[in-house]
Amino acid sequence: MKKIYYLKTCDTCKRILKQIKNIDQFQLQDIKEQEITVKQLEEMFKLTGSYEKLFSKRAKLYKEMGLKDDTLTENDFKRYILEHYTFLARPVIIYNEQIFIGNSPKNIEAMLESIE
């Protein structure tokens, strides 16, 4: 599988996508326009072993909802990601059996090395 979950309005996502030379081999999914399905999230979970790794603690809603003060379970992380796209750390890039989550320079470098 070669898939990228991203936000087309996110400048960071746009910058990262521009770095991928063979972007046409990926299926792109704007998570605001096309919500993540339970099946898709479970596929990501199989590659990470954790919904928390897929969860963005930088999301405005995370602070606004007071979630940073709660002790969240894996089921909570899953539920919030499915409820609102902003809770998915982005971009999520799946290349064959590898998954790259988020925009840290180290993560993006590893992703670019793997797909080229």
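The values are calculated or read from the model by the stated rules, or taken from the named source; none is laboratory data. This is a predicted model, so every value here is computed, not measured. Reconstructed Cβ throughout: ideal geometry from the backbone, glycine too, with neighbour counts over all protein chains shown. Protein only, heavy atoms only, side chains kept; ligands, DNA and RNA dropped before computing areas. Shrake-Rupley method; radii C 1.70, N 1.55, O 1.52, S 1.80 Å.
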Assigned charges on the beta-carbon of Lys, Arg, Asp, Glu; the chain dipole about Cα centre (debye) = 320
Using only C-alpha positions, report the orientation-averaged shadow area of the convex hull of the chain, nm², one decimal.
-> 7.0
Can you give the accessible area per residue of the chain, in Å², using a 1.4 Å probe?
-> 60
Given a cut-off of under 8 Å on Cα pairs at least six residues apart, what relative contact order in percent is computed for the chain?
-> 35
Given the pairs Lys57/Lys78; Lys8/Lys32; Lys8/Lys39, which are separated by over 20 angstrom at their Cα positions?
-> Lys8/Lys39
